[in-house]
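Inspection log for the structure reproduced underneath, given as structure tokens.
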Amino acid sequence: MKRFLSDKRAYFAAFGAVGGLLSAVMYGLAGLDGAFASWVVGTGFDGLFIAALLAFGQIRYVGKSFDWRAFRKAMLIGGLGGLVGGFVAIYAGLPIAQAFGGESDAGRFLGWTLGGVAVGFAVSKVVPNLKLKIACLAGAVGGFVGCGLMYLMSTLAAGTATTGAVIGSAIAYAETTFRQAWLEVTIRPKGLTLEKERTITVTLGDRPVLFGCAGNADVKLAEMAGAKAHFAKVSLSGGKVMLLDMTTEKVREIAIDEGFDVSNARVVVRSKPTSAVPA
């Protein structure tokens, strides 16, 4: 379980699968029928629920409380993107495929690919320093591959769950593969709790990473005696990793593989061996 909670690819795959499963359940409960419902509304449901569950997964991954604003934004972007993807697939992808002697499956691949782009776009808004282009490309690949795997499943629920899992794991894989520097955060439970020690990673980039006990912190930690809601901020400045201790207002440089303690966490700066920290 500890390994699962620390492996973002497995974490996102699980939440993406739950999103796909919920989409199938809601589509079934809605009792919709017909090509338009299947292609447009169905893909809209997929984008909405998969994006929402991945956003929720990110929130839980960094230990934050439920963030309704981020959750709602992900639902809106994913849902609208899914609708657009399904609409383009049925009214553009399908006719083009038929014109070249193809079947409707080709159009469905287009719809899922566009839906995956929308999910990637939505997730980039809640994952710190996940680049938009990388997230959208990963979502597109996940949607395309997931659509192919869906045809191997025996039920709609299994198919959409598989597609959600592939999209989630593709986005998480892209984030960890293309980043140059990141923070390795080991969170130690504090007080009487059933939680276990776990290690997460947070990508460094243009936006500083904020640690604190407030709901808007990128990584939520236990409260610190005598400290305000925000404890520390780590940023990239001139190719260097800088730590702002918000309890003392002091700034210092943190070297690669150097660590520091904040609240109930140990934070270590990591970087790819062959790459310098980007400016």
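See the values below:
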| item | result |
| --- | --- |
| Note, ³J(HN,Hα) from phi for segment 214-229, Karplus 6.51, -1.76, 1.60, rounded to Hz, x at Gly and Pro | 7, x, 8, 6, 5, 10, 8, 10, 5, 4, 10, 4, x, 9, 7, 6 |
| Cut-off 15 Å between beta-carbons: net charge of the residues surrounding Gly168, Lys and Arg +1, Asp and Glu -1 | 0 |
| Cross-link pairs beyond the 30 Å C-alpha cut-off, checked among Lys133/Lys228; Lys73/Lys240; Lys8/Lys250; Lys133/Lys250; Lys64/Lys250; Lys133/Lys190 | Lys133/Lys228; Lys73/Lys240; Lys8/Lys250; Lys133/Lys250; Lys133/Lys190 |
| Accessible heavy-atom area order of Lys133, Lys240, highest first, probe of 1.4 Å | Lys133, Lys240 |
| Three-way shape label, the chain, alpha-carbon gyration tensor, a/c 1.5 | prolate |
| For the chain, built as a Gaussian network whose Cα springs stay under 10 Å, the top-fluctuating residue of Ala135, Ala172, Ala232 | Ala232 |
| Protection-proxy order for peptides 159-165, 78-84, each taking the mean of Cβ atoms within 10 Å per residue, highest first | 159-165, 78-84 |
| Solvent-accessible ranking of Met150, Met224, largest area first, probe 1.4 Å | Met224, Met150 |
| log10 of Debye I(q)/I(0), alpha-carbon scatterers only, for segment 1-78 at 0.13, 0.14, 0.22, 0.26 Å⁻¹ | -0.43, -0.49, -0.95, -1.14 |
| Whole-Å semi-axes of segment 156-249's equivalent ellipsoid (Cα gyration tensor) | 30, 21, 11 |
| Average accessible area per residue (Å²) across the chain - probe 1.4 Å, nucleic acids and ligands excluded | 48 Å² |
| Rounded to the nearest 10 Å², the accessible area of Phe36 at probe 1.4 Å | 100 Å² |
| Most mobile listed residue (Arg198, Arg188, Arg252) in the chain, GNM with C-alpha springs under 10 Å | Arg252 |
| Accessible surface of segment 178-235 [probe 1.4 Å, protein heavy atoms]: carbon and sulfur percent | 54 percent |
| For Lys125, net neighbour charge (Lys/Arg +1, Asp/Glu -1) across residues whose Cβ lies under 15 Å away | +3 |
| Most fluctuating residue given options Ala157, Ala13, Ala140, as computed from a GNM of the chain linking Cα atoms under 10 Å | Ala157 |
| Neighbour count of at most 16 Cβ within 10 Å plus DSSP loop: longest GluC sites (Glu not before Pro)-free window in the chain | 1-102 |
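The values are calculated or read from the model by the stated rules, or taken from the named source; none is laboratory data. The structure presented is a predicted model; accordingly, all values stated were derived computationally and were not measured. Virtual Cβ from ideal backbone geometry, glycine too; neighbours counted across all protein chains shown. Each accessible area value is taken on the protein alone, full model and side chains, heavy atoms only, with ligands, DNA and RNA left out. Shrake-Rupley method; radii C 1.70, N 1.55, O 1.52, S 1.80 Å.
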